Amino acid sequence: MKVLFLVQKEQRAILDRLYDDVALHCDCDIRRLDDEAQRQLHVYFHHNVDFSKYDRILFFIRFKKEVRQWRFLRTLPNLVFLEHDACQNYIPGKYMGVFSKHYSRIPWARVISSGAGVARRLREEGIDACFVPKGYDQTLLSNQGLCRDIELGFLGSTESAIYSGRRSLLEKLEQQEKLLVARTKSEGEYCQMLNRIRFFVSADIGIGEYMAKNFEAMACGCTLFAYDQGDFENRALGFVDMDNLVLYHNIEEVLRYFKWGRWKSR
């Protein structure tokens, strides 16, 4: 199968391993589009794409640029969307319901969502959706056996409106425990910091799926405390409470599990 895979040229998350894995399973032509090409897809395709060469056209570009060009996208055959932010379709905010509306305009397209529950809800709306989870880059992130001198930590953003639940829990936790909340400047620094954290608090509250940080923290050997996204999501990922991670529902459980884990590790 010949696949045209269109991705973002400038992307905060490094997803080269994902692209490599896709290319292992098909004849894959990966194109990295800059902002202008993403904004003007019809121009890019007119000058650079011969439809007859491809069995599938796979998009993984900025949704806010993609959604404005649905009229052009309707003209493309064998279309597939890979989307890591479709959870926002069910979160109060500017994109609530927008993903459903967009995909319903192109009903023959397939949507690959990073949330099992999100994919199920899209299917219930008549959209051809399937689930492929987020992961981590094994060439950048690993357990390096460093001294874990940070007992409790979180690395990442708390600024976006969709992270209001995350921000609230972390702020409450900071009032009761010594908690590191930080952002790193490079993948190397990120890996090193994860290797220093013993208990990583993932607070994907109100999001409906597990963000990539859960997998990245596990890859670096942290004990993961993750907000429980429900049985359906956990079964899809193979997450087992108190086996390969610790699931919680409120800050009281985080505090109880942290105190118990700290005592066990002595």
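Observations
- Filtered residues of the range 67-90 (kept if surrounded by 16 or more Cβ atoms within 10 Å (Cβ to Cβ) and either of a type in the set (Ser, Thr, Tyr) or farther than 21 Å from Gln40 by Cα (or both)): His84, Asp85, Ala86, Cys87, Gln88, Asn89, Tyr90
- Residues (of a type in the set (Lys, Arg) and under 23 Å from the mean Cα position of the chain (by Cα)) located in the range 57-74: Arg62, Lys64, Lys65, Arg68
- Subset of the range 219-252 [over 22 Å from Gln176 (Cβ atoms) and acidic (Asp, Glu)]: Asp231, Glu233, Asp241, Asp243
- Taking the range 42-61 as the range and being surrounded by 14 or more Cβ atoms within 10 Å (Cβ to Cβ), of a type in the set (Ser, Thr, Tyr) and in a helix (DSSP H, G or I) as the test, only Tyr44 passes.
- Selection count, the range 210-256, where residues are part of a helix (DSSP H, G or I) and closer than 19 Å to Gln88 by Cα: 5
- Residue selection: Leu122 fails the criterion of being in contact (Cβ under 8 Å) with a residue 60 or more places away in the chain, buried (at least 19 other Cβ atoms within 10 Å of the Cβ) and of a type in the set (A, V, I, L, M).
- Some residue of the range 257-264 being over 23 Å from the mean Cα position of the chain (by Cα), assigned to a loop (DSSP other than H, G, I, E, B) and at pLDDT below 95: no
- For the range 183-204, the candidate set comprises residues that are buried (at least 19 other Cβ atoms within 10 Å of the Cβ) and assigned to a loop (DSSP other than H, G, I, E, B); within that set, the residue that is nearest to the chain's Cα centre (by Cα) is Asp204.
- Residue in the range 208-249 that is surrounded by the fewest Cβ atoms within 10 Å (Cβ to Cβ), counting only those that are touching a Leu at 6+ places or on another chain (Cβ under 8 Å) and of a type in the set (Asp, Glu): Asp241
- Taken over the range 112-123, the criterion of being under 18 Å from Val7 (Cα atoms) and assigned to a helix (DSSP H, G or I) is satisfied by no residue.
- In the range 15-41, the residue that is modelled with the highest pLDDT out of those that are surrounded by fewer than 13 Cβ atoms within 10 Å (Cβ to Cβ) and assigned to a loop (DSSP other than H, G, I, E, B) is Asp34.
The values are calculated or read from the model by the stated rules, or taken from the named source; none is laboratory data. Bear in mind the structure is a predicted one, so any value in this text is a computation, not a measurement. Backbone-built Cβ (ideal geometry, glycine too); neighbour counts: all protein chains shown.
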